[in-house]
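Coordinate-derived values only; no laboratory data. Predicted model, so just to flag it, every value in this text is computed and none were measured. Cβ placement follows ideal geometry from the backbone for every residue including glycine, while neighbour counts extend to all protein chains displayed.
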Amino acid sequence: MADCLFCRIVAGEIPAKVAKRTADAVAFHDIDPKAPVHVLVIPTRHVPAVRDATGLEGEAMLGRLLAFSAQVAGELGLDAKGYRIVTNTGPDAGQSVDHLHLHVLGGRKLTWPPG
């Protein structure tokens, strides 16, 4: 999608500090981190939000994104003390870019509940 910020990152039109990339997903460091480690994991194809990942293909993509997020967390040294993976859907949840993305947060003790 031409006007999507994250699609433009996937296409290489906008620079990002990439942590890991596969054919299906890209993980890059958030420009406004909320934790010492804050990486966004996005599918390389445009999907607006988690609710739009439907059917068997959508379910498979979500599974791959979650597994990829865990791999990235491990590679960034977060396994020992833990990390959080979260996705926001819609404006009330704080979704600011309409492209499905998972936040991988760690590097400090995270509190609950968030927000």
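Here are some notes:
- Degrees, to the nearest 10: 55-75 long Cα axis against longest axis of the chain: 40 degrees
- Segment L110-L5, length gained on full extension (0.36 nm per residue, minus Cα span): 35.0 nm
- Calculated FRET efficiency, I31 to R64, Cβ-Cβ distance, R0 = 22 Å: about 0.35 to the nearest 0.05.
- Phi to ³J(HN,Hα) by Karplus 6.51 cos²θ - 1.76 cosθ + 1.60 over segment 91-99, Hz, x for Gly, Pro: x, 5, 8, x, 6, 9, 10, 7, 8
- Candidate lysines - alpha carbon under 16 Å from K109, same-chain residues fewer than 8 apart omitted: K34, K81
- Estimated translational D of segment 5-106 in µm²/s (Stokes, Kirkwood radius over Cα pairs; 37 °C; 0.692 mPa s): 240 µm²/s
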